[in-house]
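Peer 1: Here it is, the structure, as structure tokens.
The values are calculated or read from the model by the stated rules, or taken from the named source; none is laboratory data. Given the structure is predicted, the values throughout are model-derived calculations rather than measurements. Neighbour counts run over all protein chains shown; Cβ positions are idealised from the backbone, glycine included. To get the accessible areas, we keep the full protein, side chains included, count just its heavy atoms, and leave off ligands, DNA and RNA. Shrake-Rupley method; radii C 1.70, N 1.55, O 1.52, S 1.80 Å.
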Amino acid sequence: MPCSDFGEVDMRLASYLVTGALLPPIIFMGMAEEAEAATTHVVTVRGRLSVHDSPGVFAGGETKHRYFNRTFKLGHANTRASWGIPVCADGETLGELRIRLRLNSLDETVTTNVSLALYEWVECDHTDLEDKFSAPSREVVNGGRGDYNLTVKSREPGNDWAYALFSVTHDFAAPVEPTDVTVTRQPPDRTERGLRHIRIEWQDSSADEKGYEIQNIANPGSTRRVGPNRTFYDWAALGRGLACFRVRALGDPTPSDWSALVCA
């Protein structure tokens, strides 16, 4: 092929590439699935922290207990939480439990990091650290639980100690139930031999539902399910009698409460 022909091929190729680059992008409508909303993660820390101060020259000795039960809500917008739990025995021995939580957005697990420290000083301040133990980090899955049993002791003569026994549980929060549920009879469908369709509509009040479930009360076992962010469902082929429905949002694993019953 002559050199001039190569030049023509190059020019045609360049023109094709430039033209293709300037074409507007092709958008395929309706092919992508609806994105699910971020889930709320409920993490509950429950247990007891005990601290013992041995009798001495200036102290009579004391064992003090603190029971705790606290819930944290984590999400993709707030992935971290921490909590310090102090207990002072006899005004000089301080036990402090520290709990740090972190949501892993990729796999929806919660990483826990916990430590227990023992201090001895006047008025239970943090001047003199006697002992500290940090437990290996754990990942708690949805529906899972991590149990802890930690002990730290004084290095000085005596028998001062701190002991923590507690659990960390992780569950997905139940979504908010749908509101403003209505039912409307639609005109008869000739293809269904005069049977009517009923449209059930509701307000999407939840930010993290996995879908919706609609129940026909005339037959409690008769339910239909739709995906997240939906706000209506057409129930087909119903007779002329009264039909009653209720709707609830689906969670993982806990669903919301059922909506109020509505009829048409």
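Peer 1: Of (1) in contact with a Ser or Thr (Cβ under 9 Å, 6 or more places away or on another chain); (2) open to solvent by 20 Å² or more (accessible area, probe 1.4 Å); (3) modelled with pLDDT under 90, Arg138 satisfies all except one. Which?
Peer 2: Result: Arg138 fails condition (3) only.
Peer 1: If you don't mind, another one. Among the residues of the stretch 62-78, write down those that are within 15 Å of Ala173 (Cβ to Cβ) and at pLDDT below 95.
Peer 2: Of all residues in the stretch 62-78, those within 15 Å of Ala173 (Cβ to Cβ) come to 71-78.
If the condition is that a residue be within 15 Å of Ala173 (Cβ to Cβ) and at pLDDT below 95, then Lys73, Leu74, Gly75, His76, Ala77, Asn78 are the ones that fit.
Peer 1: Give all pairs with beta carbons closer than 7 Å in which a residue from the stretch 79-90 that is farther than 21 Å from Cys124 by Cβ meets a residue that is open to solvent by less than 30 Å² (accessible area, probe 1.4 Å) and not small (Gly, Ala, Ser); count only pairs at least 6 apart in sequence or on separate chains.
Peer 2: Sorted first by the residue in the stretch 79-90, then by its partner, the pairs are Thr79/Leu103; Arg80/Leu101; Ala81/Phe72; Ala81/Leu74; Ala81/Leu101.
Peer 1: Does Thr151 satisfy being without any contact (Cβ under 8 Å) to a residue 40 or more places away in the chain and either in a loop (DSSP other than H, G, I, E, B) or on the phi < 0 side of the Ramachandran plot (or both)?
Peer 2: On the way: without any contact (Cβ under 8 Å) to a residue 40 or more places away in the chain: yes; either in a loop (DSSP other than H, G, I, E, B) or on the phi < 0 side of the Ramachandran plot (or both): yes.
Judged against the criteria, Thr151 is a match.
Peer 1: Select from the stretch 227-264 the residues that are surrounded by fewer than 16 Cβ atoms within 10 Å (Cβ to Cβ) and assigned to a strand (DSSP E or B) and write down the one among them that is nearest to the chain's Cα centre (by Cα).
Peer 2: Among residues in the stretch 227-264 that are surrounded by fewer than 16 Cβ atoms within 10 Å (Cβ to Cβ) and assigned to a strand (DSSP E or B), the one nearest to the chain's Cα centre (by Cα) is Phe232.
Peer 1: Looking only at residues in the stretch 150-167 that are farther than 30 Å from Thr39 by Cα and surrounded by fewer than 14 Cβ atoms within 10 Å (Cβ to Cβ), which one is modelled with the highest pLDDT? Show your work before the answer.
Peer 2: Narrowing the stretch 150-167 to residues farther than 30 Å from Thr39 by Cα: 150-164.
Still in the list and also surrounded by fewer than 14 Cβ atoms within 10 Å (Cβ to Cβ): 155-157, 159.
Working: Arg155: 84, Glu156: 78, Pro157: 75, Asn159: 88.
So the residue we want is Asn159.
Peer 1: Take the residues of the stretch 185-226 that are modelled with pLDDT of 90 or more and out of contact with any Ser or Thr (no Cβ under 9 Å at 6 or more places or on another chain): which is surrounded by the most Cβ atoms within 10 Å (Cβ to Cβ)?
Peer 2: It comes out as Gly211.
Peer 1: Same structure, new question: If you scan the stretch 92-110, which residues turn out to be surrounded by 15 or more Cβ atoms within 10 Å (Cβ to Cβ) and not basic (Lys, Arg)? Lay out the reasoning, then the answer.
Peer 2: Filtering the stretch 92-110 for residues surrounded by 15 or more Cβ atoms within 10 Å (Cβ to Cβ) gives 92-103, 108-110.
Within the stretch 92-110, Glu92, Thr93, Leu94, Gly95, Glu96, Leu97, Ile99, Leu101, Leu103, Glu108, Thr109, Val110 qualify.
Peer 1: Across the stretch 116-132, which residue is nearest to Pro253 (Cα to Cα) among those that are assigned to a strand (DSSP E or B) and open to solvent by 10 Å² or more (accessible area, probe 1.4 Å)?
Peer 2: Going through the stretch 116-132, the residues assigned to a strand (DSSP E or B) turn out to be 116-120, 129-132.
Those still in the list that are open to solvent by 10 Å² or more (accessible area, probe 1.4 Å) too: 119-120, 129, 131-132.
Numbers: Tyr119: 43, Glu120: 46, Leu129: 44, Asp131: 41, Lys132: 38 Å.
Of everything passing the filter in the stretch 116-132, Lys132 is nearest to Pro253 (Cα to Cα).
Peer 1: Looking at the stretch 101-115, which of the residues that are of a type outside the set (S, T, N, Q) and not in a strand (DSSP E or B) is farthest from Arg145 (Cα to Cα)? Working first, answer last.
Peer 2: First, pick out the residues of the stretch 101-115 that are of a type outside the set (S, T, N, Q): 101-103, 106-108, 110, 114.
Checking the rest, the ones that are also not in a strand (DSSP E or B) come to 106-108.
Values: Leu106: 19, Asp107: 16, Glu108: 14 Å.
Looking at the filtered set, the residue picked out is Leu106.
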